[in-house]
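Everything below concerns the one structure shown next.
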Amino acid sequence: MTSKQILKWSLSGGLVSGLAFLILALCNSDVLAQSFTLDFGDPNVGGPESTTSRIIQLIALTTVLSLAPSILVMVTSFTRLVIVFSFLRTAMGTQQAPSNQVLVSLALFLTFFIMTPTFEQAYNQGLQPYMNGDLEEIAAFERTVQPFQRFMMQHVRDKDLDLFLGIAQEDPQLNPDDVPLKALIPAFIISELRKAFEIGFLLFIPFLVIDMIVASVLMSMGMMMLPPIIIALPFKIIFFVLVDGWYMLVGSMVKSFGQGIIE
């Protein structure tokens, strides 16, 4: 076995193991009930190549676990959700209410809800066979990544995907399952950013109208020294409550990923 093959096998094993820990933490109780062990074997068996490959596998596993939050942001619905919630808070002018911790937690649990079918598919077709010994590391990694790849392909904008495929000098007519992750992931991220900014623009409009009305009333009353933001804030809050804003916003956001939830 060559050094290149050892490195490829070890990295794949580490990535699969890391994804196993990540997805097991996000799946339901039935999945959590499954036992999981990671055996690095006896370093005295297999010679220097075996020892080196297992060390690289351990390093890859540690790296994946440390990058788990970034992986969650890159390939799931989290990016769109947290940016929209931040735009909402800015549009209302409530400063730190809700706090960053609350917004991130809400976006995180909504991400778990939206991505549950994808997590379950990744576990059933990739991780479970790997832990049962039915798949090798590279095959398990490819089958585990496929559900996330399909999810991103459903929501990526063609123009963004063509941009990165062109930069990478890849064929733009590739089969969806053959699109390389190095082009798909950044294309998916900027597509999510665009959608989040579009939603943020729409959120700003009603609150901007309230600000303009309050400012006009204050000017007509000669109260130009009174900050319009302070007067407009309670009107924004009661407006958002009366229209059941959280229900409408969260419902619309979740339904925008509806295809992935139904599957």
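Take D177 and F239, extend 7 Å from each Cα along the Cα→Cβ direction, and tell me the distance between the two endpoints in nm.
In this crude label model, D177 to F239 measures out at 5.0 nm.
Tell me, D160, D134 in order of fewest to most beta-carbon neighbours within 10 Å?
So the ranking, lowest neighbour count to highest, is D134, D160.
Which three semi-axes in whole Å describe the equivalent ellipsoid of segment 70-262, each the square root of 5 times a Cα gyration tensor eigenvalue, listed largest first?
Semi-axis lengths for segment 70-262 are 43, 19, 12 Å.
I need the peptides 77-90, 186-199 ranked by packing, meaning the mean over residues of other C-beta atoms within 10 angstrom, with the highest value on top.
Per-residue mean Cβ counts within 10 Å order the peptides as 77-90, 186-199.
So what are the ³J(HN,Hα) numbers for segment 153-170, from phi and the Karplus equation (6.51, -1.76, 1.60; θ = phi - 60°), rounded to whole Hz, Gly and Pro as x?
5, 5, 10, 7, 7, 4, 4, 5, 5, 4, 4, 6, 5, x, 5, 7, 6, 9
Using the basic label-point model (7 angstrom from Cα toward the beta carbon), what is the M248 to V217 distance in nanometres?
Using points 7 Å along Cα→Cβ, the separation is 1.9 nm.
Rounded to the nearest angstrom and ordered from largest down, what semi-axes does the equivalent ellipsoid of segment 140-195 get from its C-alpha gyration tensor (root of 5λ)?
Values: eigenvalues 59, 40, 15 Å².
That gives 17, 14, 9 Å for the three semi-axes.
State the extension gain, in nm to one decimal, for the chain segment bounded by V102 and F204, taking 0.36 nm per residue of separation less the distance between their alpha-carbons.
Here the answer is 34.7 nm.
So how do M221, M152, M74 line up by other beta-carbon neighbours within 10 Å, fewest first?
Ranked by crowding around the Cβ, least crowded first: M221, M74, M152.
Residue by residue through segment 215-226, what is 3J(HN,Hα) from phi via Karplus (6.51 cos²θ - 1.76 cosθ + 1.60, θ = phi - 60°)? Round to whole Hz and write x for glycine and proline.
Residue by residue, segment 215-226 yields 5, 5, 5, 5, 5, 5, 8, x, 9, 6, 7, 7 Hz.
Since every read-out is calculated from the coordinates, none of them should be taken as a lab result. Keep in mind that what you see is a predicted model, and the values were worked out from it rather than measured. Ideal geometry is used to build each Cβ from the backbone, glycine not excepted, and the neighbour counts take in all protein chains shown.
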